[in-house]
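To start, the structure under review is shown below, and the notes come after it.
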Amino acid sequence: MKQKSSVPTSQKVFWGLGGFAENLSNNTLLSLAYLIFGVGMGISPLYIGIALSASRILDAVTDPIMGNITDNTVSRWGRRRPYIFAGAILMSLLFASIWFTPRGGSEISQAIYLITTCSLFYVAFTVWVIPYSGLGLEMVTDYDERTRLMTFRVIPSFIVGVLIASLYAITLKSEWWGGDEVVGARYVGTIIAGLILITGILPSIYCKERYAQKKQEKIDLRSAILFTLKDKAFLLLVGSVFFVFVALFYMIPLLTYINLYHVCEGDKILTGRLGVFTGPSQAITQILATAAIGFFAKYFDKKHVLITGLLIGILGYLSSWFLFTPGNPYLAILPPVIINIGLCACWVLNGSFSADICDYDELKTGRRREGMYSAVFGFLNKAAIALVMLVSSWVLVRLGFEGEDLQPTTQQLFTLRWTYIVIPTVSMIGAILCMWHYPLTKKKVAEIQKELEIRRSKTDSE
């Protein structure tokens, strides 16, 4: 018999609103960093890459620590909500500070400021996102309902995509801040910080925890990590997402320069206008794709739905060779849209996979460890992001894409375009191979949950 969700839709909505804070925090910085600090301020892409990579490495290291803390917390307010509340305040303040990187002084001093503020911001992000993710993993128990819950988190990311795609054009508004993108970014960054605060704090106020007062034997950090890393299903899921992140975050810095210098031939205004059109196009197609994923996930195993999405993503990368053309710059909207349609399957289903894995872990260990699974998941993939951002920044510098007044050659752009395609495509194939061997089918998860219900009923009767 199908389990009914005991979680009101209102709580799912308020939890999902945290997706705004999550995506505004991550994607605004990635979208604007190279345009504002690199093109606008003339800071080397290598320094920007170091700032983004070093901060994500620190973020990754603190993830397991935060995961263990939140899993072992016992308080009148719960295991997750106090950290979500405090983390939202801290990360909003630190996010705003990033955009006030001083224009004067040496490039080294600017880089140090950027590295410091980014690192502090991502520590605060960890304090918020690990308990936020853990809260989502424990909210519902039904196999299909978990997939539906994750749509409440990913839909805000699509809406945020519309906003973020327009931000560079907004920073260039001459009637608002004189057409100076650096000044514009300071105003925009402060406004975004306010949105992060509001949407980040709401889950802590309106959501209830399923295991808020659950007392369980505490486990030390080292043992918790080792238990998690012995889980085959978890490692295959992490491996798949690792390769997806390699593809995605290698692409982002390169796409910035391909659009500006190849597609738009150095025209900043046209580059910003492309973003304005790309954002809504991605959001509309992603929302439709999310509905389709939810539908197909009812009738097909989730891993097969995900593999199909990854194949669509590969098609998007390959199409960029033909659609990134100065002759018709608006065709450049299509490859990112196709890629993101495919990646929708990843964003919708990963949380659902993780919740299934937590049930399997409880069956084996008797513990609820959503925080640690979220943390180790975050650690491994943020480490991938840090490495890839550094590598892609090095590639840009190696190809000569640094300084305020770039005039790249045809050969430089050619090399940039083919590396944009090859590395992400190979990475996506790696993701497909990992997911192909993922063992937790719908039938297997149903058996696990049935055993857990029997065990819990015996415990309650004692």
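For the reader, a short list of remarks on this structure follows.
- Residues (over 20 Å from the mean Cα position of the chain (by Cα) and farther than 16 Å from W418 by Cα) located in the range 327-347: G327, N328, P329, Y330, L331, I333, L334
- Tallying residues that are under 20 Å from W394 (Cα atoms) and either free of Cβ contacts under 8 Å to residues at least 24 places away in the same chain or small (G, A, S) (or both) within the range 233-269 yields 1.
- Within the set G371, G316, the sole residue that is closer than 26 Å to E209 by Cβ and either aliphatic (A, V, I, L, M) or within 22 Å of the chain's Cα centre (by Cα) (or both) turns out to be G371.
- Matching residues, the range 65-81, being of a type outside the set (V, I, T), under 13 Å from G371 (Cβ atoms) and out of contact with any Pro (no Cβ under 8 Å at 6 or more places or on another chain): G67, N68, D71, N72, G78
Residues are listed down the side, and each one gets a yes or a no for (1) over 15 Å from W128 (Cβ atoms); (2) part of a helix (DSSP H, G or I); (3) of a type in the set (D, E, K, R):
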{"site": "Y47", "(1), (2), (3)": "yes, yes, no"}
{"site": "I50", "(1), (2), (3)": "yes, yes, no"}
{"site": "I57", "(1), (2), (3)": "yes, yes, no"}
{"site": "G67", "(1), (2), (3)": "no, yes, no"}
{"site": "R76", "(1), (2), (3)": "yes, no, yes"}
{"site": "R79", "(1), (2), (3)": "no, no, yes"}
{"site": "P82", "(1), (2), (3)": "no, yes, no"}
{"site": "A88", "(1), (2), (3)": "no, yes, no"}
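- The sole residue among S92, S109, S119, S133 that is buried (at least 24 other Cβ atoms within 10 Å of the Cβ), in a helix (DSSP H, G or I) and at pLDDT below 95 is S133.
- Pick from the range 423-459, criterion of a type in the set (V, I, T) and surrounded by 13 or more Cβ atoms within 10 Å (Cβ to Cβ), ranking: farthest from A297 (Cα to Cα): I423
- Pairs, first farther than 16 Å from S166 by Cβ in the range 10-35, second of a type in the set (K, R), C-beta under 6 Å, six or more apart: G16/R153; G19/R153
- Residue list for the range 95-106, restricted to those being in a helix (DSSP H, G or I) and among the hydrophobic types (A, V, I, L, M, F, W, C): F95, A96, I98
- Residue within the range 142-165 that is within 28 Å of F353 (Cβ to Cβ), at pLDDT below 85 and not in a helix (DSSP H, G or I) present: yes
- All conditions in (1) hydroxyl-bearing (S, T, Y); (2) crowded, with 24+ Cβ neighbours inside 10 Å; (3) under 17 Å from the mean Cα position of the chain (by Cα) hold for T151, with the sole exception of (2).
- When G371, G430, G366 are checked against the criterion of being in contact with a Leu (Cβ under 9 Å, 6 or more places away or on another chain) and not aliphatic (A, V, I, L, M), a single residue qualifies: G371.
- Within the range 3-43, tally of residues that are of a type outside the set (D, E) and over 30 Å from S109 (Cβ atoms): 20
- Of the criteria (1) closer than 22 Å to I252 by Cα; (2) touching a residue at least 12 places away in the same chain (Cβ under 8 Å); (3) surrounded by fewer than 17 Cβ atoms within 10 Å (Cβ to Cβ), which one G272 fails: (3)
- D361 falls short on exactly one of the conditions (1) surrounded by fewer than 21 Cβ atoms within 10 Å (Cβ to Cβ); (2) within 23 Å of E447 (Cα to Cα), and that condition is (1).
- Any hit, the range 88-109, residues being within 30 Å of L35 (Cα to Cα), free of Cβ contacts under 8 Å to residues at least 40 places away in the same chain and among the aromatic types (F, W, Y): no
- Residues (of a type in the set (F, W, Y) and either within 13 Å of C346 (Cβ to Cβ) or outside any helix (DSSP H, G or I) (or both)) located in the range 295-326: F300, F324
- Taking the criterion of being out of contact with any helix residue (DSSP H, G or I) (no Cβ under 7 Å at 6 or more places or on another chain) and closer than 22 Å to N26 by Cα, the only residue of the range 256-288 that qualifies is I284.
Results for (1) closer than 26 Å to G313 by Cα; (2) assigned to a helix (DSSP H, G or I); (3) touching a residue at least 40 places away in the same chain (Cβ under 8 Å), shown as yes or no for each residue.
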residue	(1), (2), (3)
G371	no, yes, yes
S374	yes, yes, yes
K382	yes, yes, yes
G400	no, no, no
V426	yes, yes, no
Q449	no, yes, yes
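Condition check ((1) surrounded by 14 or more Cβ atoms within 10 Å (Cβ to Cβ); (2) at pLDDT 90 or above) across all residues:
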position	(1), (2)
Q282	yes, no
Q286	yes, no
A289	yes, no
F295	no, no
L306	yes, yes
I312	yes, yes
L323	yes, yes
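- Taking (1) in a helix (DSSP H, G or I); (2) modelled with pLDDT under 90; (3) aliphatic (A, V, I, L, M) in turn, I198 satisfies each apart from (2).
- Of the residues making up the range 34-45, those that are at pLDDT below 90 and assigned to a helix (DSSP H, G or I) are Y34, L35, G38, V39, G40, P45.
The values are calculated or read from the model by the stated rules, or taken from the named source; none is laboratory data. These numbers come from a predicted model, not from an experiment. Cβ atoms come from the backbone with ideal geometry, glycine included; neighbour counts cover every protein chain shown.
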